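Read through the structure below, which is laid out as structure tokens, and then see the notes.
The values are calculated or read from the model by the stated rules, or taken from the named source; none is laboratory data. Just so we're clear, the structure is a prediction, and the values are computed from it rather than from any experiment. So basically every Cβ, Gly included, is an ideal-geometry build from the backbone, and we count neighbours across all protein chains shown. Note: accessible area is taken over every heavy atom of the protein model, side chains too, but ligands, DNA and RNA are not part of it. Shrake-Rupley method; radii C 1.70, N 1.55, O 1.52, S 1.80 Å.
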Amino acid sequence: MSVNIAAFGNETDGPSEDNQQPSLIWSYLRRSALISEIDCSLSASHVGNPAFTEYQASVFGNVRLVVRDCPVWDIFDSDWYTSRSLIGGADIVVIKYSVNDKTSFQELKDNYIPMIKKTLNHCSVPVIISAIGARKNGVPCTCPLCTLDRRSCVTTAEGVQLAKELGATYLELHTLNDFYIQKCFGGVLEYFMIQSLNQKSPEKMKRRKKTQKCHRVQPPQLEQPAEKMPILKGEASHYDADLHNLLCCCQCADVAFYPEDFSTVVEAHKVILCSVSHLFMLLFKVKSPADICDTSIMQTAQSLFTVEAEAAFRLAPRGIPPCIPLLRVVVKDSAFCSCLPDILHFIYSGAFQWERLEEDIKKKVKDPEKTENVLGKVKCILKTPRKLNTTKDCKSQQMKRLYNTSLRLFFNTPVLADVIFKIQDATVPAHRAVLVARCEVMAAMFNASILQAMSLLICAEMYQVMRLQHICELYIITQLQSMPSRELASTSLSIVSLLKKAKFHNSDCLSTWLLHFIATNYLIFSQKPEFQDLSVEERNFVEMHRWPSNLYLKQLADYRNYIHSQKCHCIVM
């Protein structure tokens, strides 16, 4: 699968200023931990006038990412067909501008946004509007040779209004550093990437085609007399695709792989890894060394991995309860660790695409000796005890059948089970990761949301079950506290609506906390439309307890004015 991104606009203050300033897209591709193997090629409509820059990279380990960055809006005037094709073929559209270039923003708003809206009417594509730069509040130059409003700034309100017109997500990036690139812009962009990949999954595409087929009016057909009984055809299996989607979204992950410097993390699932590898059974203590009796497997496990004694608790709101720990495993081989996303994709996709794995590792390692070393360790991981696994074995139909039936080893056994179904007097152990991957109902059941907790709180208040009401309050507060700033900025969850419901249903503890939460994250919530729904009393409380305070922002603005005033001069004279 692939994700296509079309980016339009210029994030610099103007052609006369710093031409060496890095672009938003290029900065993200270079700094994101998810991106690898960046390839840049320049496509030009004619010499000296590049239409767009095309970047190709790998994201989430094996997903192809294609980005077409158009810094000049002239493409809409000179080549409407190309610009329309870029938007029509994109999964995500990014519009960027400098907050210090009011002229370009006004031209964008008046001339090009109507064209984009016209194109977007024919397709449903998420749009991200990125306002870039720290506002320079200097006095505009009065020289008649200068652009009159070049130094006037684009306000936040103007950017938010533009986002409303397109139904887009609005972001302000004061500088292109690691925080704004990775956590703010990268977080929103990667969220839409995952949404796009979920829409492109084989199961959903099949359902979409089936729905379209059901709505199509078919002409009447005369049935022929039946000569024999009809043959019933079963639905094709989505087993491999379901497990691969589980790896991409990392739901219910219970093991995390780290390099020795702990710079990156790759998450996976014990039950999936143990189902295809005796080495992981040994590593996660599903089997003992006496059960395996193969020195090569034990030596590889000891030389390649180190399991930490203490597990880390994940608090990120990915639908996983905070009580489920992540077992931390350190990968000692740096070359193997760099190829680990490709190796896990190979395992989760059926463990029979050996040629593709070889190609991916060769491209990433680029050293024949190290490549053979990594491939040898992969063969040892997939090795059956006391049997030499060759490349021919990795390609055989026998390995396909082995993988497709391997999870049966953990069926109806308590080994690695984290769910128990009670049926009358009997109990059936199961595995949360497998249930979530294979069943949408189970996925929804194990991923209780904040809105579901609020609905339960309302019922608890109605029937005066006070303990349950307090549990729901604690759950909502814990989930909101663990949400990073980028997720708060991009979430569609209305905190003000939660506040209204909490007050209406006499949840004093939760309503008081939510009011402080809005004040503490003032810069995020003050830009959301829901902020206007606060009452006068609530607004006064938030303004009084806001962070950062008005005094600090005034001092910061005075300091910036002082710094910029030292550099303020006529760009012509």
* **Cut-off under 5 Å, modelled amide H: who pairs with Val94 long-range** => Ala6, Ala7, Phe8, Ile128
* Structure fact -> Expressed as a percent, the accessible surface of region 153-192 that is carbon or sulfur, using a 1.4 Å probe and the full set of protein chains, is 51 percent
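Which of the residue pairs Lys287/Lys332; Lys500/Lys554; Lys164/Lys501; Lys102/Lys136; Lys200/Lys528 have a Cα-Cα distance greater than 20 Å in the structure shown? Walk me through the intermediate numbers first.
Values: Lys287/Lys332 22 Å; Lys500/Lys554 32 Å; Lys164/Lys501 26 Å; Lys102/Lys136 12 Å; Lys200/Lys528 30 Å.
Beyond 20 Å: Lys287/Lys332; Lys500/Lys554; Lys164/Lys501; Lys200/Lys528.
Skip the ligands, DNA and RNA, and give the accessible area per residue of region 468-573 with a 1.4 Å probe, whole Å².
Numbers: 6440 Å² over 106 residues.
For region 468-573, the solvent-accessible area averages 61 Å² per residue.
Quickly rank 541-552, 155-166 as a protection proxy: mean count of other C-beta atoms within 10 Å, highest first.
Details: 541-552: 13.2, 155-166: 15.4.
With the highest mean Cβ count within 10 Å placed first, the list reads 155-166, 541-552.
Determine, from the Cβ-Cβ distance of Glu440 and Arg64 and an R0 of 30 Å, the FRET efficiency 1/(1 + (r/R0)^6), rounded to the nearest 0.05. The partial results should precede the final answer.
Numbers: r = 26 Å, r/R0 = 0.88.
That gives a FRET efficiency of 0.70.
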* Which peptide among 526-536, 55-65 comes first, and what is the full order, when sorted by highest mean count of other Cβ atoms within 10 Å? -> 55-65, 526-536
* Asked: Top to bottom by accessible area (1.4 Å), largest first, where do His278, His431 land?
  -> His278, His431
* How many nm separate the modelled label positions at Lys422 and Ser494, each set 7 Å beyond the Cα in the direction of the Cβ? -> 3.9 nm
* Asked: Full extension from Lys285 to Trp26: what is 0.36 nm times the residue separation minus their Cα-Cα distance, to one decimal in nm?
  -> 88.8 nm
* Please work out how much length the chain gains when fully extended from Arg356 to Ser482, using 0.36 nm per residue of separation minus the C-alpha to C-alpha distance, in nm with one decimal. => 41.5 nm
* Protein-only accessible surface order, largest first, of Tyr559, Tyr348 at 1.4 Å -> Tyr559, Tyr348
* Structure fact -> Residue separation between Phe504 and Ile563 times 0.36 nm, minus their alpha-carbon distance, gives in nm 16.3 nm
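Ranked from highest to lowest mean number of other Cβ atoms within 10 Å per residue, what is the order of the peptides 338-347, 470-479, 411-420? Before the final figure, lay out each step's value.
On the way: 338-347: 21.9, 470-479: 17.7, 411-420: 13.4.
Peptide ranking by packing, descending: 338-347, 470-479, 411-420.
Could you quote the convex hull projected area for region 415-573, Cα atoms only and averaged over all directions, in nm²? Before the final figure, lay out each step's value.
Numbers: hull surface 67.7 nm².
Taking the Cα atoms of region 415-573, their convex hull projects to 16.9 nm² on average.
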